[in-house]
Amino acid sequence: MKSDAFSSRIGVILAAAGGAVGLGNIWKFPYMLGQNGGGAFLLVYILCVAVFGVPLMMTEFMMGKRSGKSVFSAYESLVNNRHWNWLPFVTFFSTLLITGFYCVVTGWCICYLYYSCVGIFHNIDVNAANALFSGLAQNGWQSFACSAVAVACAAGILWVGVGKGIEQLSKILMPLLLVILLVLIVRVTMLEGAFRGVAFLFASDLSKITPRIILDAMGQCFYSLSIAMGALITYGAYMPKNQNVASTTLQIVVLDTLVAVLAGCAIFPAVFAYGFSPTEGPQLVFCVLPMVFDRMAGGMFFAALFFALLTIAAVTSAMSLIEMQTAFLYDWSRARTERRALAGNTDIPRSLSRHEAISISSLCSLLVAFVCAWSMSDAAPWLTWGGVNAFDWVDRLTSHITLPSIAFFTVLFFGWYVSRDVVVAEMRLYHGVKPWNILAYRFLIRWFIPIIILLIFLNGIGVISL
Ligand code: TRP
């Protein structure tokens, strides 16, 4: 995948940040914070970002940059054997599931952007807002059609190419997103009673912190920073060789956390000012906000602005998710062709072109999106197992099981299996990295992170109780 690389450092930062800043920040983070007691969750989340997020993101970037490969061959080429080749496949399937799920929610954002532009939120009350959302979510065809639009937008940008498509677009969209967010914040802080929302966001009651909150915050940290999905390895491979991974990571992490906190600052003051409950869950953005905007002067304009923001963030992330699968398929098919050729086979399969790889990954994502979208409709009860529909299964399976496991094995791989010299040599390239930073990093990825992930994981599945 070397033919098409990022042309500048800022391009990598913005593209990776464009991938990282997504529904996780603007849709998921505020509702999780609302459900988990506000400020206490924020505090735990920031701690998780510092101790798990930063080292894990650095690990993935370094793996991509050192090997110059996508997630498929990065493991193999770092250690020159194929013992770890199962891990990229697990990553690929986990990411595929997430992409399908993600495209469904992205589709809802696009649909809500349309709703806000045609003024559907006018005079909306609680029942109408709930009916509007469930009308969309439970209508299999509509929900699926919207996710197909989302996949088409994302795949269309990828079609144009990494340098021209992702990089150029991120350079425009990321600053635009920050501007929209700031405009919204200024608007909501002018509302009467807004400060109660701010207090909810920042007042930390330490007694509210439980193991459950830590598990949720960790899952959210992985999700929001796009960790354990191969996306960062893929981006690492596109980095210029002289890029400083340590400072790039810090910039992305700070930006991502900042956007999440700012999204909270835009949402909670408004929710409190109009007397709604912050603990609404996944519906917070889709059911509560239309009512909030309807009650605000100039609300329709700000509603359209907000859903445009959400759509931009979601589409750039959906695009990175599809890109990761594209790079995987492309490398996989090339490796297969090379292996057959080396073995002297006569019928060597042709390897996939980039455009073919994009088409296949988009179609696979659409298939998963189809299942997720239909599983919420009453018309498809066979997509619900044990009272939980496929959409929620995908969410739980990935954020509680596959993401922590992939992160766990990846740090074991990089901490114990890859030669120490490779890690040290790579980190020495970074200006400003001191010897003690390297020691601290290695301690974190060899001991601290694997042990803590294991404990939290065992606690989560009920084997031990913390
Ligand atoms: N981080 C994205 C968000 O906050 C979601 C996401 C998870 C993602 N993994 C990814 C995006 C991989 C791109 C690539 O919404």
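Derivation of every value follows stated rules applied to the coordinates shown; laboratory data play no part. Since the model is a prediction, treat every value here as computed from it, not as a measurement. As a convention, Cβ positions derive from the backbone with ideal geometry for all residues, glycine included, and neighbour counts pool all protein chains shown.
Here are the numbers for the structure shown:
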read-out: Eligible aspartates and glutamates near K208 by straight Cα distance, threshold 20 Å, same-chain separation 8 or greater; value: D216, E280
read-out: Helix 126-137 axis, angle to the chain major axis (alpha carbon atoms, nearest 10°); value: 30
read-out: With at most 12 other Cβ atoms within 10 Å, longest stretch of the chain clear of loop trypsin sites (Lys or Arg not before Pro) (DSSP); value: 83-240
read-out: Segment 301-356 versus segment 112-153: alpha-carbon centroid distance in Å; value: 29
read-out: Angle between the chain longest axis and helix 354-375 axis [Cα atoms, degrees, rounded to 10]; value: 40
read-out: Nearest 10 degrees, 0 to 90: helix 39-48 Cα axis against the chain principal axis; value: 10
read-out: Among the listed pairs K28/K69; K69/K434; K28/K65; K69/K241, those beyond 23 Å (Cα-Cα); value: K28/K69; K69/K434; K28/K65
read-out: Semi-axis lengths, Å, the chain, gyration tensor of Cα atoms, sqrt of 5 times eigenvalues; value: 36, 26, 21
read-out: Sites A343 and K241 - FRET efficiency at Förster radius 25 Å, r taken between beta-carbons, to 0.05; value: 0.15
